[in-house]
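Enquirer: Okay, here's the structure, questions in a sec.
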Protein chains: 4
Amino acid sequence: MSARDAALVRLGEERAAALLPQPPDRPLDRASLLRVFAGLRDTGFLGSTLPPERGGMSHSAFGSLVEGVGGGLPFLSNHSVQRYLHASGSDGVCARWLPPLLAGRAIGLVAITEPHGGSQVADVRAEVRRTAEGLRLYGAKTWLVHATVAHVAVVLARGPDGAPVRVVVDLDGPGVRRAPMPTNGLRYLPFGSLEFDGCPVPDDAVLAGDGVAATKIGFAVARSLVGVQAVALAQRALTHTVYRLAGRTARGRPVTSSDVVRHRVGAMAGRVEAARLLCYEALAGVDDARPGCDALAAAAKVLGTDVARDVTTECVELCAGAGAAADSVPARCRDDAALLATADGTSLVNQTIWGGHVVRELLRERPDLRQGPEA
Amino acid sequence: MSARDAALVRLGEERAAALLPQPPDRPLDRASLLRVFAGLRDTGFLGSTLPPERGGMSHSAFGSLVEGVGGGLPFLSNHSVQRYLHASGSDGVCARWLPPLLAGRAIGLVAITEPHGGSQVADVRAEVRRTAEGLRLYGAKTWLVHATVAHVAVVLARGPDGAPVRVVVDLDGPGVRRAPMPTNGLRYLPFGSLEFDGCPVPDDAVLAGDGVAATKIGFAVARSLVGVQAVALAQRALTHTVYRLAGRTARGRPVTSSDVVRHRVGAMAGRVEAARLLCYEALAGVDDARPGCDALAAAAKVLGTDVARDVTTECVELCAGAGAAADSVPARCRDDAALLATADGTSLVNQTIWGGHVVRELLRERPDLRQGPEA
Amino acid sequence: MSARDAALVRLGEERAAALLPQPPDRPLDRASLLRVFAGLRDTGFLGSTLPPERGGMSHSAFGSLVEGVGGGLPFLSNHSVQRYLHASGSDGVCARWLPPLLAGRAIGLVAITEPHGGSQVADVRAEVRRTAEGLRLYGAKTWLVHATVAHVAVVLARGPDGAPVRVVVDLDGPGVRRAPMPTNGLRYLPFGSLEFDGCPVPDDAVLAGDGVAATKIGFAVARSLVGVQAVALAQRALTHTVYRLAGRTARGRPVTSSDVVRHRVGAMAGRVEAARLLCYEALAGVDDARPGCDALAAAAKVLGTDVARDVTTECVELCAGAGAAADSVPARCRDDAALLATADGTSLVNQTIWGGHVVRELLRERPDLRQGPEA
Amino acid sequence: MSARDAALVRLGEERAAALLPQPPDRPLDRASLLRVFAGLRDTGFLGSTLPPERGGMSHSAFGSLVEGVGGGLPFLSNHSVQRYLHASGSDGVCARWLPPLLAGRAIGLVAITEPHGGSQVADVRAEVRRTAEGLRLYGAKTWLVHATVAHVAVVLARGPDGAPVRVVVDLDGPGVRRAPMPTNGLRYLPFGSLEFDGCPVPDDAVLAGDGVAATKIGFAVARSLVGVQAVALAQRALTHTVYRLAGRTARGRPVTSSDVVRHRVGAMAGRVEAARLLCYEALAGVDDARPGCDALAAAAKVLGTDVARDVTTECVELCAGAGAAADSVPARCRDDAALLATADGTSLVNQTIWGGHVVRELLRERPDLRQGPEA
C-alpha cells in the first residue's frame, strides 16, 4: 500500500471516530446522518466517484478511504448516486441534486433489489409508465440503505418500451411510501424499503444509457468496496481482541504471550492481510479496466466477507464472556459483516460467478476440452 | 503483477516444462540436475540473488521466475549459496565456486538444520575446531536438498571461539559422508543428510559476518519463495483438475458447468490468488527492507502452504478415481506441498512468529495494555 | 436413541413451545420464569437429578428432555441446586428449599465463577468467615444465570479453615447485592452477578463433602448438557433454514431441490448428528461412571458448541436477507450458542483438557515413550 | 460400544498386525492374500454377512471387526460375495463357491462400476446375451479390488431382456481379461479392471431377485463399513502422531505436554469419536432396518472419510519431517483414506443423497412448504 493510500485509511479512521465514536444500536435519523456526511465532505468521500478533474479519486484510493471509514462506520454509502448523475444525468437533474449531494446536504441511494428476490437485474418488475400527466413510476424496492431518510434515489425500472432505464426520483415527493426494515447488523443505518405508487418522473430524470449495463459496471466497484469494508471489520475485531486479551493473564502470564493465542492471532491476521490485498487488486483492476475485473471483484467480496465472518466469530470466542456480553465489539463486527455479506449478491452467487470465470479462462487455452457453449 | 513479472512466470513455466516435462519418482542424479541448471542459466535463475550489476534481480522478480519454475520443478533450489559467497566470501572462495555455480556446472546447498531438531539457529552443534593441521569441521546436518549430489555447501557451525560461523565446504573432499533421505514429496530431488568428520576448512573458507544474523535474513527470502512455490503447486493442481472435470459429464452436461463445481473452483481460486498476493507483498517488503518483512514472510509461507495443502487435497477429491490413481497429478502436488511446508520452520513455528509480531505491533500503540517484556 | 428418549425430546419441545413460544429479547422476570418452571414440573425437569426413587432420571434421559426444551428455551437451568441439596444438604436446608424448587415455586443457581476470571475452582476468593454472630459470606460471583431473580444459591467459597466449602444462601436475605449483566445471546435469561457482603450463613447451610471435588463432578454433567443444548440450537437453525429455503425458488425450481443446497444441508446435518451422539455417549459415560467420562464430556461440549457455531453461522448466510434481519432465527440461535460456548470453561480450556486425556491414555500403553510426569 | 464389540475391534487389530505387520507398497499376489484370508477365518470375517445360524454376525459386530482389521489392512474386502451367493444363489453356485470363500481358499469381488463413470446402477452397460451356446457376458468393469487375483465375481449386467441381473462369473475361466490399476493409496491391494468378452455364464449362475435393488441394499452396508475403516485410519494416524511427538521436546518439555499440541490432539480425537459413533449408528440402523438407514450410511461414509482426510493431513503436518519422509505412517493413512473416499460414490454424491433425505424428512412435517415432487 502506498503512503498516500495508507494516509487515506488513517484519515478515514480518524474522521469516523471523531464524527460518531460509538454508532448507536438504532438507525440514525436524517439530521444525524447529514452531520456525518458533512463532516466527511473535505475527505473527498462524497465526490469520490467523479472524474479527477471534478474532485474525484481512483477506485483504489477511494477503497483506502472507505477502509478507514468502514471500520467504525461500515457501509455508510451515499457515494454512488453522484457517479450515476454525473455520468448520465441531464443538466437539470445534475443542477438540482449534485450540489447538495457533494456538500453533504442530501442523501442519495441506488434502488435495484426488489421484494421478489435477489439482485437479478434481468428480472426488474418496477416500471415507468407514460400517462397523460407524464411519466409515472410504479413498483417496490427493498433492502435499501438510507431508505427512510434519503432525499433522492436512482431507481432501476422497465421503461415505457420495456427496456430497463434508470430514473431519478425525489423521495420527498408524492407517490413514495417508505418503510423501515430492522436489521441485526449495521443497526445504525436506516435500512428500509420503498414503494412507488405513480410517483412522477420528469422527462429529464431518465438517465442516459443502458440501465442494466451501467448497473452491472457498478457492481464491480460495489463488491470490491464491500470486501474492503468487511476486511476493516475483521481488523477491528482482531485489534479489539488483542487489546482485550493483553489485559488478561493465565498461569501468571499475559494471555497474549501464549503460543496458543499467538498462533490463532497469526492465522487470523494472515488471512485478513491476504483478503485485503485481493480487494485492492480488484479495485486496481477496475481502475485499469482489466478484463475479468468484475469476476475478480466478486471473488474479493466473497473472500473479504468470508474472512470477516470467520475472524469476527473466532474473536467472539477468544474474548469469552466479554465476547458474549451485550456490548461485545467482536459480536457487533460479526453482525455487521453478516449483513455486508448479503449486499450485491450472496457469497453463493458471487463465488459461482467467479468460479465460472476461472473455469472459462482455464479452458480458453484448451479448446480441445471444451464441450459446448456451457463449459 | 507487472508485465515483466508475468513474463518471468511464463518463462519459468516454459523452461521447466522443456527441461523436465515429467520429473521422475526417484531422485535425479548429478548429471541430470546439472543439465537442468545449465538450461536455466540464461533465465537469471542461478545468479538471481547477486546485485543487479552482477546479473541479479530483485526478490520480487526472482519470485516470479521461481513461481514459474516451481509449478513443474518445485523447490529446485541451488540459488542461495551464490548470495552468501558473493556477500561474505573471500576472493579465493568466490573465484573457485562462483563461476561454476553461476554457469550451472556446480550445485550448492546451505546446511543449517541438525538431526537433534528444528531449524533453531540458536542451538547449533556442528563445530569448527582448530587443529594442528588447520580448521576442521565436525557434526551433522540433515533435511538438505541436493545432499547426495551437491559440490559445495555453506555450513552453519560454532567457530573455534564458540560464536556461530558459516564455512564453505567442498563436499567432494575428505571427511564428508553423504546419506540419502527418501521423501514422500518432491521425490525428484536428492534429499539427504551430511556428516562431517574432521572435514578440512581452509582459513579463507570462513564467511565474514555474524553467522546467525545472516542466516536469519536468508529465512525471510526463503520463506517467501517457499510460499510462492506452494501457490504454484496449488495452481497446477487446480488447472489440472479443471481440465480433468471438463472432460466428464453428469446428467448430460459437462461437470465444469455445474454450480457445485464452479462454487468449489471459485473458492479454491480465490484463496490461491490471495495467498499469491501475500507472498509477493512479503517479497516486496524484503526488497524495500520494510520493518517486519521477516514476520510477513513467515505469514506468507504459512498461508501459501496452507492454501496449497487445502487446494491440492480438495483437487484429489474432485478428481475422484483419477485423483487416487498412482499417476495422480493433484496427489503429487499435495505431497510436494506437504514437504515444502516442513522447510524453513513448520507452520506452527512460523504462524507463532507472525502472530507474535502482530500482537507486538498492535500493542505498540497501546502502552497502557502492555504488561511486561513478554506481551 | 431409544423410543423413550425420543419421546422425552418431543415432550420437551412441545412443552417449551407451549410455555414460551417466542422468548423475549429481554430477561424474563421472576414471575414469568416461575410460570415456565411450574409448567415443566410434571415432565420431571425440576427433579431430574434426584435418585430415581425420588423422582429423578438418568443423565441420558435428562439429556433428551433438555435437548427438547433447549431448542426453544436454551440454558433454562434451575436443575442443579436440587442435586447438591439432596446429596449433601442438611435436613433443615432440604426441608426449606427442596419442596419449592421441585414444585417450580423457587429458582436456584450454582455460583462458582468469580470476576477475576475463569471457572478455576482452585482459585476461589469468596470466603466464609466465622464471626461473633455466626458464619458470614463475603465475595463476588459473576456470569450467573437467574442472578437477578433466583431465590437460593449454592455458592463455592473458602471456609473458615481455608478449605473450599459450598454454602446455601438465601438470595432474598440481607447482605446480597444483585446486578444484571446484559448479554448478546440467551437474552431471555436474567444473567447477572452477585456480591455477598457479610451475608449470613446458618451453620446447617454448609453442604457436606469436599467442595471442589463435588463441583468437578458436576462439571461433567453440565458440559454434556451444554453440548446437547448447543446441538438442539443447531438443529433448530437448520430446520428453520430448510423451511425458509423451501419457499424460495431459483431458476424456477425450489432452492431446496438444488444440489448445492442439499450438499450444504447434508454437511450440516451430518455434523449435527455426530455431535449429538457424542454428547449422549458422554452422558452414558457419566451414568455408568466410566473412567474418563469427564474428559469425554469436555470433548462433547466443545464439539457441540463448535458444530452449533458453524451450523448457525452457515444458516445465517443461507437465509441471506432473512438471516440478517432483526428477527432472524438462525442469528438468534447463533448468539445463544455463542453464549453456551462460554459456560463451564471455554472451548480452548475444554479442548485442552480432553486432548491431555487422549495423550495420557495413548501413552499409557507405551511407557517407553513417556518422559516424565507431564507427558 | 459394548464389551463384545470392543473385543472384536481388538481381535481384528491383533490379527491384522500378526498376519501382515507392514503391508507392502505393491499389490499382494494371490497366494499372499489367501494366507491373510485363511488367517482371518476363525474371526468370522469371511462368513460375517451370512445369517447368524450359518455363522454370520450383525452388521454392527462386523463393523467392529472391520474397524480392528482396517487400521492395518484397510479395505481388505472379500466378504460381500458370500452374502449375495447365500441370499440369492442357486444350489450349484453355492456348493461350488461358498465353501472355498468361507475357508479363505478363494477370493471374490462384486463388480458394479463401469469405465464410463460412477457407480450409477441405473446406467449399466455390461450385458448378458443369450447365444446358441448359452448365456455369454460382455462388457467392462473397473475400480475393482482384487481384480487381478480374485477367483469369482458377482457382476451387475443387463440381462437378455434388458432388466438388470447379477451373474456369478469364474474369473479363471475363458473370456475374462484382467488389467492391474496402480493406485496411490491402498497400494497393498490388487486393484484392477475386468473385461468380459463372451465369458460363459451357466444358467444357474444368474442370481435370483432384482439386480439393482439388491445392489442398492448392499450400498448401505458398504458405505457404513468404509466409514468405519476411514475412522480406523484416522485413529491410527493420530496414535502414531502422539507416539512420535511424545519423543520430541521443545523448550525442554515433551511436545505432547504443550497446550498447542494437546488442543490439536483434542480437536482431532473429538471428531474421530463422533464420526465413529455415526458409523455405528448407521450400522445399527441397517441391522434394525430403520427407514432412512441408507441415507444415514451415506452420511456416515462422508463424515468418516472427511474426518480421516482432515486428521491424517494434520498428522502429516504435526510430524513435520517425519510426516514428509518416504515411510511416513500418517501419509500412508491419508493416501489410503483418499482412496476409501472414492469407493461407493464420492463425497459429493453421498453428501447430496443424505442432504436430500434430510430436506425431505424435514418438509414431510410441513406439507404447506412443499412445492412439488422435487422439493
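The values are calculated or read from the model by the stated rules, or taken from the named source; none is laboratory data. In this text the structure is predicted, and so the values were computed from the model without any measurement. We place every Cβ from the backbone using ideal geometry, glycine too, and count neighbours over all the protein chains shown.
Enquirer: Report yes if some residue within region B:56-74 is part of a helix (DSSP H, G or I) and surrounded by fewer than 19 Cβ atoms within 10 Å (Cβ to Cβ); otherwise report no.
Expert: No, the conditions are met nowhere in region B:56-74.
Enquirer: Among the listed residues D:ARG35, D:ARG83, D:ARG30, D:ARG96, which satisfies the condition of being basic (Lys, Arg), in contact with a Pro (Cβ under 9 Å, 6 or more places away or on another chain) and closer than 20 Å to D:HIS146 by Cα?
Expert: D:ARG30
Enquirer: Do the conditions hold for B:SER88, that is, is it within 24 Å of B:ARG187 (Cβ to Cβ) and outside the structural domain of B:ASP172 (by TED's automatic domain parsing)?
Expert: No.
Enquirer: Just to be sure, is C:ARG366 over 27 Å from C:THR312 (Cβ atoms), at the interface with another protein chain (Cβ under 9 Å from one of its Cβ atoms) and either touching an Asp or Glu at 6+ places or on another chain (Cβ under 8 Å) or not small (Gly, Ala, Ser) (or both)?
Expert: So C:ARG366 fits the description; yes.
Enquirer: If a residue has to be small (Gly, Ala, Ser), surrounded by fewer than 21 Cβ atoms within 10 Å (Cβ to Cβ) and in a loop (DSSP other than H, G, I, E, B) to count, how many in region D:30-55 make the cut?
Expert: First pass over region D:30-55, keeping only residues small (Gly, Ala, Ser): D:31-32, D:38-39, D:44, D:47-48, D:55.
After this cut, where a residue has to be surrounded by fewer than 21 Cβ atoms within 10 Å (Cβ to Cβ) as well, the list is D:31-32, D:38-39, D:44, D:55.
Going one step further and asking which of them are in a loop (DSSP other than H, G, I, E, B), we end up with D:44, D:55.
Looking only at that region, the number is 2.
Enquirer: So, one more: So the check is Cβ under 9 Å with 6+ separation or different chains; which pairs have a first residue in region A:1-26 that's exposed (fewer than 14 other Cβ atoms within 10 Å of the Cβ) and a second one that's assigned to a loop (DSSP other than H, G, I, E, B)?
Expert: What qualifies is A:PRO24/A:ARG187; A:PRO24/A:TYR188; A:ASP25/A:ARG187; A:ASP25/A:TYR188; A:ARG26/A:PRO182; A:ARG26/A:ARG187; A:ARG26/A:TYR188.
Table: residues versus (1) in contact with a Phe, Trp or Tyr (Cβ under 9 Å, 6 or more places away or on another chain); (2) surrounded by fewer than 21 Cβ atoms within 10 Å (Cβ to Cβ).
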{"residue": "B:THR183", "(1), (2)": "yes, no"}
{"residue": "B:PHE191", "(1), (2)": "yes, no"}
{"residue": "B:ASP197", "(1), (2)": "yes, yes"}
{"residue": "B:PRO202", "(1), (2)": "no, yes"}
{"residue": "B:GLN229", "(1), (2)": "yes, no"}
{"residue": "B:LEU233", "(1), (2)": "no, no"}
{"residue": "B:ARG236", "(1), (2)": "no, no"}
{"residue": "B:ALA274", "(1), (2)": "no, no"}
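Enquirer: Working only within region D:204-213, note down all residues that are buried (at least 20 other Cβ atoms within 10 Å of the Cβ) and in a helix (DSSP H, G or I).
Expert: D:ALA205, D:GLY211
Enquirer: Within region D:105-135, which residues are surrounded by 19 or more Cβ atoms within 10 Å (Cβ to Cβ) and within 14 Å of D:VAL169 (Cα to Cα)?
Expert: Within region D:105-135, D:ALA106, D:ILE107, D:GLY108, D:LEU109, D:VAL110, D:ALA111, D:ILE112, D:ALA126, D:VAL128, D:LEU135 meet the criteria.
Enquirer: Check off (1) over 21 Å from the mean Cα position of the chain (by Cα); (2) more than 12 Å from chain A (Cβ to nearest Cβ); (3) farther than 27 Å from A:PRO330 by Cα; (4) part of a helix (DSSP H, G or I) for C:PRO200 and give me the number that stays unchecked.
Expert: The number of the failed condition is (4).
Enquirer: Restricting to region B:269-316, count the residues that are assigned to a helix (DSSP H, G or I), more than 11 Å from chain A (Cβ to nearest Cβ) and free of Cβ contacts under 8 Å to residues at least 12 places away in the same chain.
Expert: Counting residues in region B:269-316 that are assigned to a helix (DSSP H, G or I), more than 11 Å from chain A (Cβ to nearest Cβ) and free of Cβ contacts under 8 Å to residues at least 12 places away in the same chain gives 0.
For (1) farther than 20 Å from A:ALA325 by Cα; (2) touching a residue at least 60 places away in the same chain (Cβ under 8 Å); (3) in the same structural domain as C:ARG125 (by TED's automatic domain parsing), each residue gets a yes or a no:
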position	(1), (2), (3)
C:VAL176	yes, no, yes
C:MET181	no, no, yes
C:LEU186	no, yes, yes
C:LEU189	no, yes, yes
C:GLY192	no, no, yes
C:CYS199	yes, yes, yes
C:ASP204	yes, yes, yes
C:ALA220	yes, yes, no
C:VAL226	no, yes, no
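Enquirer: Also, quick follow-up: Quickly run through region B:320-351 and pick out the residues that are more than 8 Å from chain D (Cβ to nearest Cβ) and at pLDDT below 95.
Expert: If the condition is that a residue be more than 8 Å from chain D (Cβ to nearest Cβ) and at pLDDT below 95, then B:ALA322, B:ALA343, B:ASP344, B:GLY345, B:VAL349 are the ones that fit.
Enquirer: Could you tell me how many of the residues in region B:134-148 are free of Cβ contacts under 8 Å to residues at least 60 places away in the same chain and either farther than 11 Å from B:PRO115 by Cα or out of contact with any Phe, Trp or Tyr (no Cβ under 6 Å at 6 or more places or on another chain) (or both)?
Expert: Final tally of qualifying residues: 5.
Enquirer: If you check B:GLU127 against the conditions, is it charged (D, E, K, R) and touching a strand residue (DSSP E or B) at 6+ places or on another chain (Cβ under 6 Å)?
Expert: It is true that B:GLU127 is charged (D, E, K, R) and touching a strand residue (DSSP E or B) at 6+ places or on another chain (Cβ under 6 Å).
Enquirer: Does any residue of region A:2-15 turn out to be modelled with pLDDT of 95 or more, more than 20 Å from A:LEU233 (Cβ to Cβ) and of a type outside the set (S, T, N, Q)?
Expert: Yes, that holds for at least one residue.
Enquirer: Tell me, please, whether a residue that is touching a Phe, Trp or Tyr at 6+ places or on another chain (Cβ under 8 Å), assigned to a helix (DSSP H, G or I) and either free of Cβ contacts under 8 Å to residues at least 60 places away in the same chain or among the hydroxyl-bearing types (Ser, Thr, Tyr) (or both) can be found in region C:332-342.
Expert: Within region C:332-342, not a single residue is touching a Phe, Trp or Tyr at 6+ places or on another chain (Cβ under 8 Å), assigned to a helix (DSSP H, G or I) and either free of Cβ contacts under 8 Å to residues at least 60 places away in the same chain or among the hydroxyl-bearing types (Ser, Thr, Tyr) (or both).
Enquirer: I've got another one for you. Checking the structure you have, find out if any residue of region D:156-169 is touching a Ser or Thr at 6+ places or on another chain (Cβ under 7 Å) and in the same structural domain as D:ASP29 (by TED's automatic domain parsing).
Expert: Looking through region D:156-169, none of the residues is touching a Ser or Thr at 6+ places or on another chain (Cβ under 7 Å) and in the same structural domain as D:ASP29 (by TED's automatic domain parsing).
Enquirer: Further question on the same structure: Yes or no: region D:246-263 includes at least one residue that is more than 9 Å from chain C (Cβ to nearest Cβ), in contact with a Pro (Cβ under 7 Å, 6 or more places away or on another chain), hydrophobic (A, V, I, L, M, F, W, C) and in a helix (DSSP H, G or I).
Expert: no
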